[in-house]
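The values are calculated or read from the model by the stated rules, or taken from the named source; none is laboratory data. Treat the numbers as computed from the prediction; the structure is a model and nothing was measured. Note: ideal-geometry Cβ built from the backbone for every residue, glycine included; neighbour counts use all protein chains shown.
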Amino acid sequence: MTDTAAVLGAGNMGTALAQVIAGNGHPVRAWSIEHDVLEDIRDNRRNTKYLDGVSLHDNIEPHWDLDKAIEGARLVVISVPSQIVRRLAKDIATIIKPGQVVLNVAKGLEADTHRRMSQVITDEFDDACDPYVGSMAGPAIAIEMARGLPVAVIIAVTNPDSQTVCQAMIQNNHMKVDTIHDRLGLELCATLKNIYCISLGMSDGVGYGVNSKAFLATVALDEMSRIVTALGGQITTVYGLAGVGDVITTGFSEHGRNRMLGEHLGAGRDWRAYIKNTTVEGVVATQAMGELIADKRLRLPLLNLIHGVLFNEDPAPAALNRFLQDFTYRT
């Protein structure tokens, strides 16, 4: 019998993953609180709001009832903004059964608790479900994934059978799915890349070239490695798909929303108006990450720059100029 997937959240990434899984021959139940999106999928086989231009697979069935969407699904994908994950986890905690694999694709920290997304989910679940909760990261632009262009992602989940389920249902000839056990490091990288790619966007907005972006990306990866290892993650995770891979994609792609936020900052545009209508995880993550590592005494000048521009009204052009002039590597 073909395994069924439930995709909770029909934004761009949720819809793209639904398209991939459906294309692999699996029935997909797509659930969302946005009924207009579900109606668009049902009536037009499209998600015009989030993934325009993609004709959606017939195996994708929109669901308005959360319980029915999840019931019996082998794989449950959580693809909602990070600050909504706990609310959704509470709603599904009595529905999820041990053995159902739960894959989180949100990238961030919970604002008040500084908890990673797998922690937020397992806080609400029965302890028996914890081994079946994983997270996905890596350089994955949703529109490219949905169109069948080559992409590689990485999944961290502790239970070997859960790894097998994720690979079996998601991987195909154009989508590579690697697995690791470093769930902590993967989730930290997924959070940090959103923060640091804001600075790469600032460079674009100010009008600097690729040279300065490459320099900033190098510093970003160095700081990411310091943070991840200080918090207990593995440095190899930083220099894999979850870290360097996603920094390249998010920081250099026109589709990177955190990069675009940085571009608004660098160009002096109204960045607050931009984030009102676009899910940008890096702003909350910058504040939460700063609080999480406050006692680690790490040297993180680029993270401090991003924080100052976002929360202390330090103009991005002046901040970047100072940074480029004053920065020196220290071990």
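Right, residue 267: buried (at least 21 other Cβ atoms within 10 Å of the Cβ), among the aliphatic types (A, V, I, L, M), farther than 23 Å from residue 328 by Cα and in contact (Cβ under 8 Å) with a residue 60 or more places away in the chain or not? So residue 267 fails the test.
Can you pull out every residue in the stretch 103-119 that is in contact (Cβ under 8 Å) with a residue 12 or more places away in the chain and within 15 Å of the chain's Cα centre (by Cα)? Explain how you work it out, then say what you get.
First pass over the stretch 103-119, keeping only residues in contact (Cβ under 8 Å) with a residue 12 or more places away in the chain: 103-111, 114, 116-118.
103, 104, 105, 106, 107, 108, 109, 110, 116, 117, 118 - these are the residues of the stretch 103-119 that are in contact (Cβ under 8 Å) with a residue 12 or more places away in the chain and within 15 Å of the chain's Cα centre (by Cα).
Inclusion of residue 92 among residues that are within 21 Å of residue 170 (Cβ to Cβ) and of a type in the set (Val, Ile, Thr) is warranted. The set of residues in the stretch 145-163 being at pLDDT 95 or above and among the β-branched types (Val, Ile, Thr) consists of 151, 153, 154, 155.
Taken over the stretch 90-108, the criterion of being under 17 Å from residue 162 (Cβ atoms) and of a type in the set (Gly, Ala, Ser) is satisfied by 99 alone.
Every condition in (1) more than 15 Å from residue 249 (Cβ to Cβ); (2) part of a helix (DSSP H, G or I) is met by residue 173 except one, and the failing one is (2).
Taken together, the residues in the stretch 123-143 that are within 25 Å of residue 249 (Cβ to Cβ) and not in a helix (DSSP H, G or I) amount to 9.
Can residue 60 be described as buried (at least 21 other Cβ atoms within 10 Å of the Cβ), under 21 Å from the mean Cα position of the chain (by Cα), closer than 16 Å to residue 169 by Cα and not polar (S, T, N, Q)? Considered against the rule, which asks whether it is buried (at least 21 other Cβ atoms within 10 Å of the Cβ), under 21 Å from the mean Cα position of the chain (by Cα), closer than 16 Å to residue 169 by Cα and not polar (S, T, N, Q), residue 60 comes out as no. Within the option set 195, 170, being among the β-branched types (Val, Ile, Thr), in contact (Cβ under 8 Å) with a residue 40 or more places away in the chain and not assigned by TED's automatic domain parsing to the domain that holds residue 256 holds for one residue only, 170. Of 151, 76, 85, all but one fail to be touching a residue at least 12 places away in the same chain (Cβ under 8 Å), touching a Leu at 6+ places or on another chain (Cβ under 8 Å) and of a type in the set (Val, Ile, Thr); the exception is 76. Scoring residue 155 on the criteria (1) assigned to a helix (DSSP H, G or I); (2) touching a strand residue (DSSP E or B) at 6+ places or on another chain (Cβ under 8 Å) leaves a single failure, condition (1).
Just checking, which of 240, 245, 233, 262 is in contact with a strand residue (DSSP E or B) (Cβ under 9 Å, 6 or more places away or on another chain), crowded, with 21+ Cβ neighbours inside 10 Å and in contact (Cβ under 8 Å) with a residue 12 or more places away in the chain?
Result: 240 is the single residue among 240, 245, 233, 262 that is in contact with a strand residue (DSSP E or B) (Cβ under 9 Å, 6 or more places away or on another chain), crowded, with 21+ Cβ neighbours inside 10 Å and in contact (Cβ under 8 Å) with a residue 12 or more places away in the chain.
Of everything in the stretch 107-122, what is of a type outside the set (S, T, N, Q) and either in a loop (DSSP other than H, G, I, E, B) or at pLDDT below 95 (or both)? Give them in sequence order.
Scanning the stretch 107-122 gives 107, 108, 110, 111, 112, 114, 115.
Residue under question is residue 39, and the condition is that it be closer than 22 Å to residue 168 by Cβ, outside any loop (DSSP other than H, G, I, E, B) and acidic (Asp, Glu); does it hold? Here the answer is no, as residue 39 does not meet what is asked.
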